[in-house]
1. What distance in nm separates the simple spin-label points at Ala48 and His85, each placed 7 Å from Cα in the Cβ direction?
2. Return one whole number: the accessible area per residue of segment 170-233 in Å², for a 1.4 Å probe.
3. Normalised by the residues of segment 1-151, what does the relative contact order come to in percent, with Cα pairs under 8 Å and at least six apart?
4. What part of the accessible area of segment 52-204, given as a whole %, is carbon or sulfur when the probe is 1.4 angstrom?
5. With a probe of 1.4 Å, find how much accessible area segment 62-111 has per residue, and write the answer as a whole number in Å².
6. I'd like the Karplus ³J(HN,Hα) series for segment 69-76: coefficients 6.51, -1.76, 1.60, θ = phi - 60°, whole numbers in Hz, and an x wherever there's a Gly or Pro.
7. First obtain the Kirkwood hydrodynamic radius of segment 163-211 from its Cα pairs, then insert it into the Stokes-Einstein equation at 20 °C and 1.002 mPa s, and state the resulting D in µm² per second as a whole number.
8. With a/c under 1.5 counting as rounded, go ahead and sort segment 25-180 into rounded, prolate or oblate using the C-alpha gyration tensor (a ≥ b ≥ c being the square roots of the eigenvalues; past the cut-off, prolate if a/b is larger than b/c, else oblate).
Amino acid sequence: MLRKYSNHRTNSDNIKLGALTAFSAGMVNVISVIVFFSFTSNVTGYYAILAQEVSKGNWYQVAVVLLWILLFFIGSMISNLIIIHGKGKRSVYMTHAIPVMLEFLSILFVGIYLQFFYKDTLQETELLVGALLFAMGLQNGLTATISNFAVKTTHLTGLTTDLGILVSMFTKKVNRQNKSLVDKFHLLLFIFLSYILGGIVSGVFYNNFQNHTFYLVCFILLIIAFYDFYKLKKVKKLFGKRHANYNAALEKPGNSNLSNTSKETTVQQV
């Protein structure tokens, strides 16, 4: 899910990444609407609010909304900076996991602050909304960068447009037989459904556990971050077992001319 980059990724890799990150984004958006009466998984509406507040001369509100937009922008920028400057210095998986962990810390901060320190003031609300927008910027920047812009999971405007276009294209048989178009449709559909499902789960969970819902989002992010860690450990264990069997076979009498074939065969399929 995180250990491959750009064109090396399969549609299955993108579906796993898109579904889980869209699920978490849907959760964040719904819980922020419930708690703060603000959308935080995208900034589309905030551009309209910014223009409206400028026209009214409400400069404090202008500064706040501009800060929120900048935080989303900065989150996306930081994700890409970590990825492009991490090449050759860290493993691909580790580089891609860092933005997820930064997102995890941002949302964890919001959950802890709400539970122990929140006084329901306007300034606190503005700060926490900004933290969630920063987290969503991190997520959107990460998914877009490592998937070569195929996966964007924090908003559904462009995705709904693309789905509408694809459905219209599928009215022709030749397009229904086009694997790339079918794969793209499946990817977008999984993201769409996961985002909605995440929102529903968030709303239901909040009715029973209130602000602890943010901790559930953090748990989802940990699954995203450590899924490939488990896969890599599994690959390493399998490689070690094959290596031991190979050496044991070499030590047997009559096997001195055993071909030195690659020990990594089939490991990449894990």
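The values are calculated or read from the model by the stated rules, or taken from the named source; none is laboratory data. Quantities reported herein were computed from a predicted structural model and do not represent experimental measurements. Positions of Cβ are generated from backbone atoms using ideal geometry, with glycine treated the same way; all protein chains shown enter the neighbour counts. Heavy atoms of the whole protein, side chains included, go into the accessibility calculation; ligands, DNA and RNA do not. Shrake-Rupley method; radii C 1.70, N 1.55, O 1.52, S 1.80 Å.
1. Simple spin-label model gives 3.7 nm for this pair.
2. About 60 Å² of surface per residue is accessible.
3. Relative contact order of segment 1-151: 37 percent.
4. C and S atoms contribute 70 percent here.
5. 47
6. 4, 5, 5, 5, 4, 5, x, 5
7. Estimated diffusion coefficient is 169 µm²/s.
8. oblate
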